[in-house]
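**Student:** Quick one: the structure is below, questions incoming.
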Amino acid sequence: MKSVIKDVKIEEGEELKGRILNIHAKTGSFKTPTKAPTSTELNAKKNIGFDDPFLNPIFEITQRFSPGSISNFYKTNGYHSRKIGEINAHADTLINRNLVKYFPQFRKDTILNDDDMLSLVDVQLESNINVISLPELKEDASLIEFKNNLERYWKYCESEKPEAILMPYLNLSQDPDLFREKLNYLADYEGSLQAIGIKFASPNTYRPNLRALASFSDKEFWVHCSSIKRANWNSSIPSSQLHILQKFGVDTVSIEIPMAMGDGNNAKDKPILKTKYFNNDKITIPSIEESIHDGNLICNCPICRQRNFNELTEDLKRYQGNRSINAILNDFSKIHEVYAATSEFEISRQRIKEGDLNKYFKEKEGLKDYVSAEENQTSLNSFSN
């Protein structure tokens, strides 16, 4: 496939110690690990009228589908064109200087039929994006089903949009032996298939698959993980999950579309100091009050700028009409997190270069639980050619 990506090269890295990937694209070369902002975060900027750009090299346009709604592509007039319009509302402003990809978000138990899959591929081919995502047919698709799906749509995408690249997805939440078989199959395409997608699942429950992915990290593929839950809210420490995966050979990450929140006129405000806010010193997402010192935000990102929190809140409220202050601050927090998390990846990238990622994980409260089990080991499931 004549690709928008010219080549993908491993610059630094070691199994379970992270890696730096150099992606040479027509839109510009960049290094990983890094964060890909999503349409959710772009919408947050629009919602509060914040004009400073995100300077990330990759963006992900996300669309959430309820059970059975994918069939609207071929059962409902206007649905296909409406979805293209939603994608291009963001993609048109990004495509000339960024890699722009797509991710359809649907329930874990969804089974895609031929019409569903073709619809999801066609809506991407007809949109202004340059990375085509190919989901698995179902959570536990067999190796044969996985092969047939990839081979069929790789040829189709190549014929319809040769400048784009195809990113076949693997669901992290599947049997470890099956996950490993699919990775082995993809390894045969090193040099011709340049990108692989991972659909996020719990890094604790599905650790064997992350270990297999870590042992795959000597292969020159761009590995992107989509639909990452912003934090592990079930933990006593609400750890940011975006930064965990770099240890296992994931190069770029993006968050899931959160469930709709009540931001209507009648939404009841919670205490504003309880707004969740990414803390890059700890790689956690505690309440914003933990990131305020003497009344000022401690972050110096383009939206925070160490401003007085009360003054910032009043400024945000002034132009938002009757929107809930909680909804406004949630948008603010999303924008902050793009800048702060991206900057933190620049720091961890330097630590990977120094062979020091495990020590970096030990220093961060939200990451330290992912050090001890692997620190002095290689993968139990070594990747075989």
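The values are calculated or read from the model by the stated rules, or taken from the named source; none is laboratory data. Computed from a predicted structure; not experimentally measured. Positions of Cβ are backbone-derived with ideal geometry, glycine not excepted, and every protein chain shown enters the neighbour counts.
**Student:** Which number in (1) within 26 Å of Leu150 (Cα to Cα); (2) acidic (Asp, Glu); (3) surrounded by 15 or more Cβ atoms within 10 Å (Cβ to Cβ) marks the one condition that Asp7 misses?
**Tutor:** (3)
**Student:** In region 314-334, how many residues are of a type in the set (S, T, N, Q) and surrounded by fewer than 18 Cβ atoms within 10 Å (Cβ to Cβ)?
**Tutor:** The number of residues fulfilling the criteria is 2.
**Student:** For region 350-365, give me the residue count where each residue is exposed (fewer than 15 other Cβ atoms within 10 Å of the Cβ) and within 19 Å of Thr32 (Cβ to Cβ).
**Tutor:** So the answer is 3.
**Student:** If a residue has to be in contact with a strand residue (DSSP E or B) (Cβ under 9 Å, 6 or more places away or on another chain), without any contact (Cβ under 8 Å) to a residue 60 or more places away in the chain and not polar (S, T, N, Q) to count, how many in region 135-167 make the cut?
**Tutor:** 8
**Student:** Okay, moving on. Taking Thr342 and the conditions (1) polar (S, T, N, Q); (2) within 20 Å of Gly18 (Cα to Cα); (3) surrounded by fewer than 17 Cβ atoms within 10 Å (Cβ to Cβ), which numbered condition does it fall short on, given that it satisfies the others?
**Tutor:** (3)
**Student:** Restricting the first residue to region 308-329 and requiring it to be among the aliphatic types (A, V, I, L, M), which pairs with a second residue that is assigned to a loop (DSSP other than H, G, I, E, B) and exposed (fewer than 14 other Cβ atoms within 10 Å of the Cβ) meet a Cβ separation below 7 Å and a spacing of at least six or different chains?
**Tutor:** If the second residue must be assigned to a loop (DSSP other than H, G, I, E, B) and exposed (fewer than 14 other Cβ atoms within 10 Å of the Cβ), the pairs left are Ile325/Asp269; Ala327/Met261.
**Student:** For residues that are without any contact (Cβ under 8 Å) to a residue 12 or more places away in the chain and not basic (Lys, Arg), scanning just region 73-88, find the one that is nearest to Thr38 (Cα to Cα).
**Tutor:** So the residue we want is Gly85.
**Student:** Residues that are at pLDDT 95 or above, closer than 21 Å to Gly49 by Cβ and in contact with a Lys or Arg (Cβ under 8 Å, 6 or more places away or on another chain), at least 3 per element: which helices (runs of 4 or more DSSP H) completely within region 294-385 meet that?
**Tutor:** Here the list reads 325-353.
**Student:** Restricting the search to region 152-183, which residues are among the small types (Gly, Ala, Ser) and either within 15 Å of Ile198 (Cα to Cα) or within 22 Å of the chain's Cα centre (by Cα) (or both)?
**Tutor:** Answer for region 152-183, where residues must be among the small types (Gly, Ala, Ser) and either within 15 Å of Ile198 (Cα to Cα) or within 22 Å of the chain's Cα centre (by Cα) (or both): Ala164, Ser173.
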